[in-house]
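The values are calculated or read from the model by the stated rules, or taken from the named source; none is laboratory data. Computed from a prediction, not measured in an experiment: that's the story for all the values here. Reconstructed Cβ throughout: ideal geometry from the backbone, glycine too, with neighbour counts over all protein chains shown.
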Amino acid sequence: MPGIRFTLFLETALEDACKGLIMLKTTVLNAAHRALGARMVDFGGWDMPVNYGSQIEEHHAVRRDCGMFDVSHMCAVDAVGPGVKTFLLRLIANNVGKLKTPGKALYSAMLNEAGGVVDDLIVYYLSDSHYRIVINAGTADKDLDWMAARLGEWQLDVTLTPLRMGPKAVGMIAVQGPKAKAKVWEVLPEAKAATENLGPFFGVQVGQLFIATTGYTGEDGFEITVPAGKAEALWNALLEVGVKPCGLGARDTLRLEAGMNLYGQDMDETVSPLDAGLAWTVDLKSERDFVGKAALLAHGQKWQFLGLKLLDKGVLRAHQKVTTAQGEGEITSGSFSPTLEVSVALARLPLGVAIGDTVQVDIRGKLLNALVTKPVFARHGKGLI
Amino acid sequence: MNIPAELKYTASHEWVRVEADGSITVGITDHAQDLLGDLVFVELPEVGKELAAAQETCVVESVKAAADVYAPVAGTVTAINEAVVDAPESVNQDAYAAWLFKLAPANAADLAGLLDAAGYKAAVDAA
C-alpha cells in the first residue's frame, strides 16, 4: 500500500517464515472461505481468512453463541511405535507419563537445549504406542525436522506421520462458544453419545472424526479433525445450523482475552517457558530428563508474565515498552478486547511487579497508564478483570 | 468500491471535501476502513496545529492494525470531530460522514495536486 502505513499485528509473528515463498499454502476449506467473501491474509505462508466481515461480531458470536474456525493449517502428526512414550518423555517439557486414559490431551512445549521454546503443542495419548501431536502451522516444518533429529540421536523406533498429504490428510474445524456442542450434535447426532460426557482436554474417535474438547478461545466447544475430503461438507453443515464462520482476527482477540499464548509473539526459541507464563506446563519435579531441563534449572525464572489493562485511551500492541518501578518490560501481545471494551495485553515484566500496580506504556512516544492484572481477561462469556 | 465523485483524494487514502469558505474536511476512505476492519480508537490532532503536507496528523486503530492519517496539504487544523473519538465504529459505518478534522490550507493552489475519484481508483487498483 502506498502512503498509509498498515502494521498488521496478527501476521508479524510468522511472516518471516514465509518470505520468498511464491505460492501460499491453502487449506481444504479455502474455496469455502472465498465463497463466503472472507478477507484473506498470508498467515505463516498460509492463505487464511482474517475475517468474513466484522471481526468484533465474530468475537462476540463465540463468547455469546457459537462460531467456527478453520484450523486446518495447524499440523496433526501421528507418532507411532514402541519407542514413542520414551521419545515424548524426553522431547516435551511436561510429563506425558501423566497421560493414562486414552484420548487425554496435554498442552506443553518442546524446548531447545538452551531452554527456549521450539514450539507449543497439544499431545493426545491414544495408546502406549500411538500419540497424536498438534503443532503450529508456521513452525510445522521446523518442528518435524527437530523431532526427526531427536529420534535419530536417541535411536528410537517411532514413525512420525504428518496428516497433511495423501489418504491420511485431514482438515480441522474448531467450533467454539456456549452453544457449540449443541450445534455440533445437531449436525452429528451420532457423535453425541461419545462426546457428551467427555471431560475437558480429551479427544475421542467417532467413526472417521476425531472430536476433542480443546480450543483456543476460553469457551466450551470441540475441535474436530475430519478426513480432508469431508471437511467442506462438515463446514457447510455447521453453517446451515447457524454456526458463524470466524477468522483469525477474532481467534487472536479471543485467545488474548483467554490469556493463551501465541507462538512467535509471547514466546519463541529465545524465550524460556518460565518467563512466558508457561511454568504450569513444565514438569521440573519428576526425575525425568528432557531437552532444555538443565537450562531451565540453571537459569530459573527471570521475568513475570502478566496482564495489562490500559487505563488511558489507546491500543496496546506487541513490542511496546512498559516502564515499572522495578525496571522495563515489554508487551508480547496486545489488542482491543471486544468483551471488556478496553485495550488489554500480555506482557513480560520484571520480577517484583505486582497485580494492581499501575505502570506506563510507551505508545508512539506518549506514556499511558496501565493496570497490571492476572494474564486472563475473559472466559466463558464473562470478563474476569 | 465507494468513491464519491464530488470529493478529492490522496494516494494515502484520505478523502478531502473542499468547503465554500476554502477550508477542507478530511477523513479516511471507505477502502481504507475496509482494509483496517473494525476501528476501536481514533486519536485526533489538536485544533490550531500547523501541518506540513503529508505530515502524520492523527492515528486510527482497528482491532488488528494501526494507521497514520496524513495532512493532504499544508495548513492549520481548525476543527476536529470529537464524535468519532467516542464512536470509532462510525468510520466503518460511513467513512464519508465520519470526518476526522478540518484544515485551513496554507495555499489554496495546493488543492489542485489532489486526486479526483478516477485518479484515486486508479491508485488503489495499481496497489
Test result for B:P45, over 16 Å from B:K8 (Cα atoms), more than 11 Å from chain A (Cβ to nearest Cβ) and at pLDDT 95 or above: yes
Would you say A:L274 is crowded, with 23+ Cβ neighbours inside 10 Å, at pLDDT 95 or above and farther than 18 Å from A:L29 by Cα? no
Tell me, which residue of the range A:88-119 that is charged (D, E, K, R) and under 16 Å from A:M147 (Cβ atoms) is surrounded by the most Cβ atoms within 10 Å (Cβ to Cβ)? A:D119
Residues that are charged (D, E, K, R) and out of contact with any Asp or Glu (no Cβ under 9 Å at 6 or more places or on another chain), drawn from the range A:84-119: A:K100, A:K104, A:E113
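Residues checked against (1) of a type in the set (A, V, I, L, M); (2) in contact with a Ser or Thr (Cβ under 7 Å, 6 or more places away or on another chain); (3) closer than 18 Å to A:K313 by Cβ:
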site: B:E50; (1), (2), (3): no, yes, no
site: B:Q55; (1), (2), (3): no, no, no
site: B:V59; (1), (2), (3): yes, no, yes
site: B:V63; (1), (2), (3): yes, yes, yes
Residue check: is B:A65 within 9 Å of another protein chain (Cβ to nearest Cβ), at pLDDT 95 or above and more than 18 Å from B:E19 (Cβ to Cβ)? no
Take the residues of the range A:330-366 that are exposed (fewer than 13 other Cβ atoms within 10 Å of the Cβ) and hydrophobic (A, V, I, L, M, F, W, C): which is nearest to B:S62 (Cα to Cα)? A:A354
Helices (runs of 4 or more DSSP H) wholly inside the range A:214-306 that include at least 3 residues being touching a Lys or Arg at 6+ places or on another chain (Cβ under 8 Å): A:248-257
Report yes if some residue within the range A:100-110 is more than 20 Å from A:T214 (Cα to Cα) and either more than 19 Å from the chain's Cα centre (by Cα) or assigned to a strand (DSSP E or B) (or both); otherwise report no. no
Candidates A:M147, A:M172, filtered to the one that is in a helix (DSSP H, G or I), at pLDDT 95 or above, touching a helix residue (DSSP H, G or I) at 6+ places or on another chain (Cβ under 9 Å) and closer than 28 Å to A:L278 by Cβ: A:M147
Looking at the range B:89-127, which of its residues are more than 14 Å from every other protein chain (Cβ to nearest Cβ), among the hydrophobic types (A, V, I, L, M, F, W, C) and over 16 Å from the mean Cα position of the chain (by Cα)? B:A106, B:A108, B:A109, B:A112, B:A118
Filtering the range A:264-310 down to residues that are more than 17 Å from the chain's Cα centre (by Cα), of a type in the set (A, V, I, L, M) and within 24 Å of A:W154 (Cα to Cα) yields A:L284, A:V291, A:A294, A:A295, A:L296, A:L297, A:A298
Show me the helices (runs of 4 or more DSSP H) found entirely inside the range B:1-117 where at least 2 residues are buried (at least 17 other Cβ atoms within 10 Å of the Cβ). B:30-36, B:89-93
When the residues of the range A:52-66 are narrowed to those that are buried (at least 24 other Cβ atoms within 10 Å of the Cβ) and in contact with a Cys (Cβ under 8 Å, 6 or more places away or on another chain), which ends up nearest to the other protein chains (Cβ to nearest Cβ)? A:H59
Can you pull out the residues in the range B:1-21 that are in contact with a Phe, Trp or Tyr (Cβ under 7 Å, 6 or more places away or on another chain) and free of Cβ contacts under 8 Å to residues at least 60 places away in the same chain? B:S12, B:E14
Report, ordered by the first and then the second residue, all pairs with beta carbons closer than 8 Å, sequence separation of six or more or different chains, a first member in the range A:332-344 that is within 19 Å of A:Q360 (Cα to Cα) and aliphatic (A, V, I, L, M), and a second member that is at pLDDT 95 or above and outside any strand (DSSP E or B). A:V344/A:L256; A:V344/A:E257; A:V344/A:L316; A:V344/A:F377
